[in-house]
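Worksheet: one structure, shown below.
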Amino acid sequence: MLKKLVPRMQVNTIYDIDLNELWKQGKRGIITDLDNTLVGAKAPLATPELIDWLKVVGQIGFQVVIVSNNNKPRVSRFAEPLSLPFIYRAKKPTSAAFQKAMHLMKLGPEETVVIGDQMMTDVLGGNRMGLYTILVLPIERRDEGFFTKVVNRSLEKAALTWMRK
Ligand SMILES: [Mg+2]
């Protein structure tokens, strides 16, 4: 269980990801979390910086699907202006949404990257499916609910401590 919480890569922000290196490794699709990964949980729309980044992602050739546990109004309002496919109420870490996203991209697990800010949902879900998982620092921790903050974070701390050993 603990092993499955450990991401393949850890970065501060999505902008620190070496996209060309991932492409070289044969990755072709990105399943990304929304809240606190692409923008803060209270930010309804993409920032100009994110729009530029998505442009680069597309130019390299990656497909992108937003997979979020949040509700339809939140996810559609964010994703539709970007013309990105999205899955809401994804119930991460369960596998169905990850499978659906790969199906949308017509890609297999070995070609697919998962980006997210939570080990208990994004990383655990991706690892269980054999995807390449990238953990980012949450953009705004203060916007998260009590459960996420206290329970998930302490589990993350435990897993990261275990990882360093
Ligand atoms: Mg998140």
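Every read-out reported here was derived from the displayed coordinates using simple, explicitly stated rules and does not represent laboratory data. Bear in mind the structure is a predicted one, so any value in this text is a computation, not a measurement. Cβ atoms come from the backbone with ideal geometry, glycine included; neighbour counts cover every protein chain shown.
Karplus-derived 3J(HN,Hα) values for segment 25-35, using 6.51 cos²θ - 1.76 cosθ + 1.60 with θ = phi - 60°, are 7, x, 6, 10, x, 10, 9, 10, 6, 9, 5 Hz; glycine and proline are entered as x. Each label point was placed 7 Å from the Cα along the Cα-to-Cβ direction; for LYS4 and ASP18 their separation is 3.0 nm.
Placing unit charges on the Cβ atoms only, positive for Lys and Arg and negative for Asp and Glu, gives segment 68-110 a dipole magnitude near 220 debye about its Cα centre. For segment 5-96, place one equal point scatterer on every Cα, skip the solvent, and apply the Debye formula. What is log10 of I(q)/I(0) at q = 0.11, 0.15 Å⁻¹? Those come out to -0.31, -0.60, one per q.
Peptides 108-118, 89-99 ranked from most to least packed by the mean count of surrounding Cβ atoms within 10 Å: 108-118, 89-99.
Of the candidates ILE17, ILE30, ILE66, which one comes out as most mobile in a Gaussian network treatment of the chain with C-alpha springs shorter than 10 Å? Comparing ILE17, ILE30, ILE66 in a Gaussian network model of the chain, the most mobile one is ILE17.
Dividing the summed -39500 (n - 2.57) terms of all DSSP H runs of n ≥ 4 by the residue count of the chain sets its mean residue ellipticity at 222 nm at -9000 deg cm²/dmol. Candidate cross-link partners of LYS72 among the lysines, defined by an alpha-carbon separation under 18 Å and a same-chain spacing of 8 or more, comprise LYS42, LYS91, LYS92, LYS100.
Computed over neighbours whose Cβ is under 12 Å from that of ILE134, the net charge equals -4, Lys and Arg +1, Asp and Glu -1.
Where both bridge residues fall in segment 20-165, DSSP classifies roughly 0% of the beta bridges as antiparallel.
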